[in-house]
């Protein structure tokens, strides 16, 4: 059903573009269009971003009122579960309520509630001065965000995907990351650059890159890559409060996933420390270290390995820079084997950095086998589904690699 609904929204969108119907018909189509997108969102699928420039402002304002979206106080919870999308929304809502200097800007973050509905309801609650729709010019609105951070505000700058952050990389690297150093510590730049990162589904070569290693190489930036709802909420709140620029790499395929949460996570004061990894699963035979979507792959592989008597310890990095190398070393000292897992490319990736730091540490003397990387293929992402699957690491790849490392 979600796939059929998405196809229907595409058809409605094409009608508006090509047929140019009268205002009353356009209004009706718009209401139906938004209703279907909302249904897709409820099904837990990633919603698609459609242009709303074909609708008049009067239609937009009247129609948006029909679809009142709840904020963090009424997040969709079942047996204390929360989607990653709701966790991110909750974090921004709580921090905007806590600190009037916090504001959001980006493409379609306001009237449209965000391309992936992460900012839903915030425009209605905080208004046009704190939730700002921008033109499609990443270098422009990223520059505005960086300048406002230098002036004392705390912007959350959303890229519709981090692939588009390449249009603004001068602002991220040369302006945001280096200003504190170049000003001899006199000027902080408290800004969060956030949005979906890495492979999604069927979006091909130009929309599938993982930028974890790219941004982690730059001094002056903190780089976060959350996995579940607890990570998303606690780390985004920490990023917003941080005095320095933070790159916050989300994953489109995780937005609709629900994960268990505790009462502590729901507390408005809940914040996770940046730079501290989490052991998601304990084990004694081999260490699997991953971030973002890779954690899910590692946990699936660990479950399969357990069925044949191999207990894998799974480490969720959470933060790529700073990297919690101490937690990794402690695990390797115990298991004597390690595999790094990431969806990004192998050359100069996060796994390469982990391998180098292990070789330079005491953990090297505890290794019974070389450090092995399981990564995405060293090619641009194919569009064809079968090739897309082949280009990305799968749980079975981790399982077979673990067996090879352990010699079983």
- Query: In this structure, does residue 232 turn out to be free of Cβ contacts under 8 Å to residues at least 60 places away in the same chain, in contact with a strand residue (DSSP E or B) (Cβ under 8 Å, 6 or more places away or on another chain) and either outside the structural domain of residue 395 (by TED's automatic domain parsing) or closer than 30 Å to residue 397 by Cα (or both)?
  - Reply: no
- Item | Residues that are in contact with a strand residue (DSSP E or B) (Cβ under 9 Å, 6 or more places away or on another chain), surrounded by 21 or more Cβ atoms within 10 Å (Cβ to Cβ), without any contact (Cβ under 8 Å) to a residue 60 or more places away in the chain and closer than 20 Å to residue 83 by Cβ, drawn from region 101-117 | 104, 109, 114
- How about region 139-162: which of its residues are farther than 17 Å from residue 118 by Cβ and assigned to a helix (DSSP H, G or I)? 139, 140, 142, 143, 144, 146, 147, 148, 149, 150
- Only one of these is in contact (Cβ under 8 Å) with a residue 60 or more places away in the chain and at negative phi: 120, 130, 98. Name it. 98
- Item | Residues of region 297-319 satisfying the condition of being surrounded by 21 or more Cβ atoms within 10 Å (Cβ to Cβ) and in a helix (DSSP H, G or I) | 297, 298, 301, 302, 305
- Message: Being assigned to a loop (DSSP other than H, G, I, E, B) and at pLDDT 95 or above is the requirement here; does residue 199 meet it?
- Response: no
- Message: I need a count of the residues in region 284-295 that are crowded, with 19+ Cβ neighbours inside 10 Å, over 18 Å from the mean Cα position of the chain (by Cα) and either modelled with pLDDT under 95 or assigned to a loop (DSSP other than H, G, I, E, B) (or both).
- Response: 1
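The values are calculated or read from the model by the stated rules, or taken from the named source; none is laboratory data. Worth saying up front: this structure is predicted, and the values here are computed from it rather than measured. We place every Cβ from the backbone using ideal geometry, glycine too, and count neighbours over all the protein chains shown.
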